[in-house]
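What follows is one structure encoded as structure tokens, with my remarks underneath.
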Amino acid sequence: MRYLKKILQETLNNHKMAFITGPRQVGKTTLAQSFLNPEQEGYFNWDNATQQKNILKNPDTFWKEPKILSRIVLDEIHKYPRWKRFLKGFYDLNRNNVEILVTGSGRLDIYQRGGDSLLGRYNQFHLAPFSLGELAGSYKQDLAPQNCIQKILDISKAKYKNELEQLWHFGGFPDPLFKAEDLYLGRWQNDYRRLILREDLRDLSHIREIGLIEQMLLLLPERIGSPLSLNSLREDLDVNIRSVQNWISTLEKLFLLFSISPYFKKIARSLKQQKKIYFYDWSSLENEGSKFENLIATHLLKACQYWTDMGYGIFQLHYVRNKEKKECDFLITKNQKPFLLVEAKFAEKQLDSSLPYFHKILATPYAFQVFYDANSYLLETGEKGLYLCSANRFLQALP
């Protein structure tokens, strides 16, 4: 059972639509279909020409044929140009008669224009790739932010060495993760990017420079973990900077990559504009340091999305860096206030000087330097709230 199933059921019980958004092939359809009967009655996919035609011709009754259903799944419905109008009318007419799950690999929260006419009619949830915590069954416990931190401090040993190594090598997407075969992983990686660039990009944007975007994707891995210079990328690709901005933004909307912005409150001479980018699939990265930072970034993003979706507050992922090049890889804020600093060091077990520096300036309750060692469950305590911690121990406590 994926970690969102309980809250999705609660949303349906409250007569609201449940939106499930996330990267392609992360398991959204499988999760949504788990709410249907074994025959999968009630599953409607906008990419299916026959079902699309039926929805367009019979927007009020398509779900009643051949029999009336009590629950339906609408997959990729956001590709319908008038999807918001359709969902609003359908929900208002049928809210007491049918439960509605909506899934999409495009950003349901981004592909909105104007005011949100669906406000109050749905709850949205982000389905992320598998994390160590999910593999460890963390969703069976109370995952309030404070409880997760306390679990890091209380864990007596690292039980999930094999799971961490499997995540490291195969990434967090369920298909290659559980297949756990190198050749299959290579084929999956090729198909995954081809689907996004050749299908999703075509369906949800007017971009036609696919070849240049593929070249850009070859250049991005070496920039993981560093503030992204759009001008440098523009020069390498020999295009204008607006094109680069548009391509990066579109790939974010399609969940191929995500960006985090610098946090600059309370930090003198802070960077304020340059973002850092990471991939949802870290398995193809070759540099160990970049790959580890990307793995940590993806886990922290999942935690922020989960805590926000559950209602614990507004959690956002940032990094901090000043013009003297002191930097901490990640800062999680809660309601715009510093909550948790995390420095990712693949093999370094000595605290980086920047971590206590920003820990003091930002007055974060907690600051962790996390290193990769699948066999370790080390936790060393420095000054109050400052810790050196193994990835196994740290990650298994998160959602």
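Suppose we filter region 211-246 for residues that are open to solvent by 40 Å² or more (accessible area, probe 1.4 Å) and basic (Lys, Arg); how many remain?
2
For region 1-48, enumerate the residues that are open to solvent by 20 Å² or more (accessible area, probe 1.4 Å) and charged (D, E, K, R).
Selection gives Arg2, Lys5, Lys6, Glu10, Lys16, Arg24, Glu39, Glu41, Asp47.
Which residues, taken from region 314-334, are assigned to a loop (DSSP other than H, G, I, E, B) and either open to solvent by less than 10 Å² (accessible area, probe 1.4 Å) or touching a residue at least 24 places away in the same chain (Cβ under 8 Å) (or both)?
The answer is Lys323, Glu324, Lys326.
Please work out which residue is farthest from the chain's Cα centre (by Cα), limiting yourself to region 375-399 and to residues that are within 17 Å of Phe346 (Cα to Cα) and open to solvent by 50 Å² or more (accessible area, probe 1.4 Å).
Glu380
crowded, with 16+ Cβ neighbours inside 10 Å and under 27 Å from His318 (Cβ atoms): is that true of Leu201 in this structure?
No, not satisfied.
Exactly one of these conditions fails for Lys302: (1) assigned to a loop (DSSP other than H, G, I, E, B); (2) basic (Lys, Arg); (3) closer than 30 Å to Tyr3 by Cα. Give me its number.
All conditions pass for Lys302, except number (1).
Among the listed residues Ile100, Ile68, which satisfies the condition of being over 22 Å from the mean Cα position of the chain (by Cα), over 22 Å from Leu256 (Cα atoms), of a type in the set (Val, Ile, Thr) and open to solvent by less than 20 Å² (accessible area, probe 1.4 Å)?
Going through Ile100, Ile68 in turn, just one is over 22 Å from the mean Cα position of the chain (by Cα), over 22 Å from Leu256 (Cα atoms), of a type in the set (Val, Ile, Thr) and open to solvent by less than 20 Å² (accessible area, probe 1.4 Å): Ile100.
Taking region 169-181 only, how many residues are open to solvent by 50 Å² or more (accessible area, probe 1.4 Å) and hydrophobic (A, V, I, L, M, F, W, C)?
1
Of the residues Gln150, Gln166, which single one is modelled with pLDDT of 90 or more, surrounded by fewer than 19 Cβ atoms within 10 Å (Cβ to Cβ) and of a type outside the set (Lys, Arg)?
Numbers: Gln166 fails: surrounded by fewer than 19 Cβ atoms within 10 Å (Cβ to Cβ).
Result: Gln150 is the single residue among Gln150, Gln166 that is modelled with pLDDT of 90 or more, surrounded by fewer than 19 Cβ atoms within 10 Å (Cβ to Cβ) and of a type outside the set (Lys, Arg).
Has region 25-40 got at least one residue that is at pLDDT below 90 and under 21 Å from Ala303 (Cα atoms)?
Within region 25-40 (the criterion being at pLDDT below 90 and under 21 Å from Ala303 (Cα atoms)), the answer is no, since none of the residues qualifies.
List, please: which pairs have Cβ atoms under 7 Å, are six or more places apart or on different chains, and start with a residue in region 146-172 that is hydroxyl-bearing (Ser, Thr, Tyr) and end with one that is in a helix (DSSP H, G or I)?
As it stands, the answer is Tyr160/Leu132; Tyr160/Leu135; Tyr160/Asn392; Tyr160/Gln396, since those pairs meet every condition given.
The values are calculated or read from the model by the stated rules, or taken from the named source; none is laboratory data. If you're wondering where the values come from, they're calculated on a predicted model, not measured in any experiment. Cβ: placed from backbone, ideal geometry, glycine included. Neighbour counts: every protein chain shown. Accessible surface is based on the protein model in full, side chains and every heavy atom, while ligands, DNA and RNA are left aside. Shrake-Rupley method; radii C 1.70, N 1.55, O 1.52, S 1.80 Å.
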